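Chemist: Quick one: the structure is below, and I'll ask about it shortly.
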Amino acid sequence: MRKILLTLPVAALVLGTAAYADGMETVKARHAYFKSLGGAMKAMSGVAKSYDADAAKAEAAKLAAILETDAGPLFAPGTSADDFPGESEAKASIWENMDDFGAKAKAMHVAGAELIAAADTGEAAAFGAALKTLGGTCKACHDDYRVPE
């Protein structure tokens, strides 16, 4: 009996460490996803400033590849800034308001699809307007669900 009682804290520590490592991997993957999305936004902003239709199409294709990623698993419970201070920028309120968070994610995907379509038109004004709309969806989510930098 004594052996079992001594083994329980060790088992809890091992399981807790494994859960922490899994959570940290999720946080890192989420960070990489949004870093790539931010990079795409930055590149498209440069294209919009001195419009080049071919560059707009190329950057829109990169955005399409990013948006094809199923980001749902990147928001596993237990991976908020409260759980990983200094590592995660996700507010715990994401998991308290998952319907709203999901609606904001859907709005981002819709705006992304509109930007991709605008790039295909070759029209600078349409591309710029669609990029602004997409940026607005990013801001809306950041305002509510991202820890301020």
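Chemist: How do the pairs read when you match residues in region 125-149 that are touching a residue at least 60 places away in the same chain (Cβ under 8 Å) with residues anywhere that are of a type in the set (Val, Ile, Thr) and surrounded by 13 or more Cβ atoms within 10 Å (Cβ to Cβ), using Cβ under 9 Å and keeping only pairs 6 or more apart or on different chains?
Modeler: 127/47; 127/121; 131/47
Chemist: Also, quick follow-up: For residues that are in contact with a Leu (Cβ under 8 Å, 6 or more places away or on another chain) and surrounded by 15 or more Cβ atoms within 10 Å (Cβ to Cβ), scanning just region 39-50, find the one that is farthest from residue 135 (Cα to Cα). Break it down stepwise before answering.
Modeler: To start, the set of residues in region 39-50 that are in contact with a Leu (Cβ under 8 Å, 6 or more places away or on another chain) comprises 40-41, 44-45, 48.
Then keep just the ones that are surrounded by 15 or more Cβ atoms within 10 Å (Cβ to Cβ); that gives 40-41, 44, 48.
On the way: 40: 11, 41: 8, 44: 11, 48: 13 Å.
In this case the residue turns out to be 48.
Chemist: Under 8 Å between Cβ atoms, which residue pairs at least 6 apart in sequence (or on different chains) link something in region 56-82 that is in contact (Cβ under 8 Å) with a residue 60 or more places away in the chain and over 18 Å from residue 29 (Cβ atoms) with a partner that is surrounded by 13 or more Cβ atoms within 10 Å (Cβ to Cβ) and aromatic (Phe, Trp, Tyr)?
Modeler: As it stands, the answer is 56/127, since those pairs meet every condition given.
Chemist: Let me ask something else. Quick one: in region 83-118, which of the residues that are aromatic (Phe, Trp, Tyr) and in contact (Cβ under 8 Å) with a residue 24 or more places away in the chain is nearest to residue 56 (Cα to Cα)? Full working, then the answer.
Modeler: Initial filter on region 83-118 (aromatic (Phe, Trp, Tyr)): 84, 95, 101.
Subset that is in contact (Cβ under 8 Å) with a residue 24 or more places away in the chain: 84, 101.
Values: 84: 37, 101: 29 Å.
Across region 83-118, the extreme among qualifying residues is 101.
Chemist: For region 61-81, how many residues meet the condition of being of a type in the set (Ser, Thr, Tyr) and modelled with pLDDT under 95?
Modeler: 1
Chemist: Out of the residues in region 91-149 that are of a type in the set (Gly, Ala, Ser) and outside any helix (DSSP H, G or I), which is farthest from the chain's Cα centre (by Cα)?
Modeler: Within region 91-149, the match that is farthest from the chain's Cα centre (by Cα) is 122.
Chemist: Is it true that residue 36 is assigned to a loop (DSSP other than H, G, I, E, B), surrounded by 12 or more Cβ atoms within 10 Å (Cβ to Cβ) and hydroxyl-bearing (Ser, Thr, Tyr)?
Modeler: no
Chemist: Could you check region 51-68 and list, in sequence order, the residues that are more than 18 Å from residue 121 (Cβ to Cβ) and surrounded by fewer than 14 Cβ atoms within 10 Å (Cβ to Cβ)?
Modeler: Once the filter is applied, which keeps residues that are more than 18 Å from residue 121 (Cβ to Cβ) and surrounded by fewer than 14 Cβ atoms within 10 Å (Cβ to Cβ), region 51-68 yields 65, 68.
The values are calculated or read from the model by the stated rules, or taken from the named source; none is laboratory data. Here the structure is a predicted model, which means the values were calculated and not measured. Don't worry about glycine lacking a Cβ; one is built from the backbone with ideal geometry, like all the others, and counts go over all protein chains shown.
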